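Before any comments, here is the structure.
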2 protein chains.
Amino acid sequence: MTSISIHPTVDSGYRATDASFSGGTLVCNCASNPVKVGIKGDIAHNHACGCTKYWKPEGAVFSVVAVAPTENVEVLENSDKLAVVDPSALIQRHACKECGVHMYGPVERDHPFKGLSFVHPERFEGKGWAAPGFAAFVSSIIESGYDPANMDAVRARLKEQGLEPYDCLNPALMDYIATWTAKNKGVLAV
Amino acid sequence: MTSISIHPTVDSGYRATDASFSGGTLVCNCASNPVKVGIKGDIAHNHACGCTKYWKPEGAVFSVVAVAPTENVEVLENSDKLAVVDPSALIQRHACKECGVHMYGPVERDHPFKGLSFVHPERFEGKGWAAPGFAAFVSSIIESGYDPANMDAVRARLKEQGLEPYDCLNPALMDYIATWTAKNKGVLAV
């Protein structure tokens, strides 16, 4: 057994149990008056992410993050506890000011991801959401202080768990971004 | 046989013939008074690159580009024909004003690649230089107008030619960049 830890969801071997997951309620980590955010419908592109920006549970090396259409996101309770972590960032991560959990992060700027919100499915009260399908920005864990000498083991562990490792997003999303950019520049027909 | 074309060097199945390649002279495409740039010692990290910034021969979808220490680069002839393509870019690509071939591109700014120059080995007068070893920024060819519907075929063709496709740089270089960044931020010990 390898001792490489990725994230509790991944390490536990979590698998989706409900092929027709249709949303649920995200809850922050506060014992009292938790922020609650409703998500209508399924999430998409769930993945492990090594970048330094997303909320991670204590001890996790990667975050687990997915998207939902922003129009399907609604703050249900304790919205006064939310604040945007970095207003200059592309993703407007709304975090609970008390426990620090990021509850949703809409992209509002002109961008291929405009209209989507990034959410952490592990915060759903229920289960059934799709398991992570790949690992993005793997090399970036080094920027959080992870030992570069262990990267081969990290990538091997991710593959073992069925998460193909990428140092950016996966090819489908990278092609999607490039296509949007090409259309935006007039290089491809809209 | 697939009809997917990558770059003449790749399509021709070029393989290095000289394990002890020790440099040579890069020559631009001008019939008279060509720019000549001497490279002392071997090149490194030769790869196919899909980004929109590098010089490519007519009809090529990818460029082929490698690095050499800038201290090993010397303009030998017709330096007056050289101009920097984009002075604001990280890589100061010095191109021949007449034929357009990029002759060398030093990184002078504070960056993990500072002190390296990007060169196109196919411009060497001789052969023997290392063949490309991977493909970087593959999704970016879409930004040059390449049909997104053909990307699966492009990645398959690259793999067939022994060039693992990445949408950024390869893991070794991405880890190298992240390590430099972590040290620069004080997150890892220098």
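Structure summary
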read-out	value
Residues in the range A:162-182 that, when all protein chains are in place, have 50 Å² or more less accessible area than the chain alone would give (probe 1.4 Å)	A:167, A:175, A:178
Shortest-first distances to equivalent copies, position residue A:30, nm, label 7 Å out along Cβ	6.9
Cα shape, the range A:14-57, gyration tensor, a/c 1.5 rule	oblate
Residues in the range B:132-149 occluded by at least 20 Å² - accessible area, probe radius 1.4 Å, against chain by itself	B:139, B:142, B:143, B:145, B:148
Exam field: residue A:160 pseudo-label spacings to other copies (7 Å along Cα-Cβ), nanometres	3.5
Global form of chain B, assessed from the alpha-carbon gyration tensor, a/c cut-off 1.5	rounded
Solvent accessible area, Å² - residue A:188, 1.4 Å probe, full protein context	30 Å²
Residues with amide H under 5 Å from that of residue B:49, placed H, sequence gap 5 or more	B:63, B:64, B:65, B:136
Over 29 Å (Cα to Cα) - which of A:185/B:127; B:56/B:127; A:36/A:185 fall in this group	A:185/B:127; A:36/A:185
Solvent exposure ordering (accessible area, 1.4 Å, most first) of A:147, B:167, B:11	A:147, B:11, B:167
Charge dipole of chain A about the Cα centre (unit charges at C-beta), most positive-ward option of A:179, A:189, A:54	A:189
Innermost chain A residue relative to the axis carrying A onto B, by Cβ distance in angstrom	A:168, 2
Within the protein assembly as shown: Cβ-based charge dipole about Cα centre, in debye rounded to nearest 20 (Lys, Arg +1; Asp, Glu -1)	160 debye
Size of electric dipole in chain B: Cβ of Lys, Arg +1 and of Asp, Glu -1, about Cα centre, debye, nearest 20	220 debye
Heavy-atom SASA rank of B:111, B:47 (probe 1.4 Å, accessible area, largest first)	B:111, B:47
Carbon/sulfur fraction of accessible area - the range A:35-190, other protein chains in place, 1.4 Å, %	49 percent
Inter-copy separations for residue B:71, label at 7 Å along Cα-Cβ, nm, ascending	6.0
A/B buried area, accessible surface, summed, 1.4 Å probe, Å²	1700 Å²
Accessible area per residue in Å² at 1.4 Å probe, computed on the range B:52-161	44 Å²
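The values are calculated or read from the model by the stated rules, or taken from the named source; none is laboratory data. Remember, it's a predicted structure, so these values are computed and weren't measured experimentally. Every residue, glycine as well, gets a Cβ built from its backbone with ideal geometry; the counts of neighbours run over all protein chains shown. The area values use the complete protein model at the heavy-atom level, side chains included, leaving out ligands, DNA and RNA. Shrake-Rupley method; radii C 1.70, N 1.55, O 1.52, S 1.80 Å.
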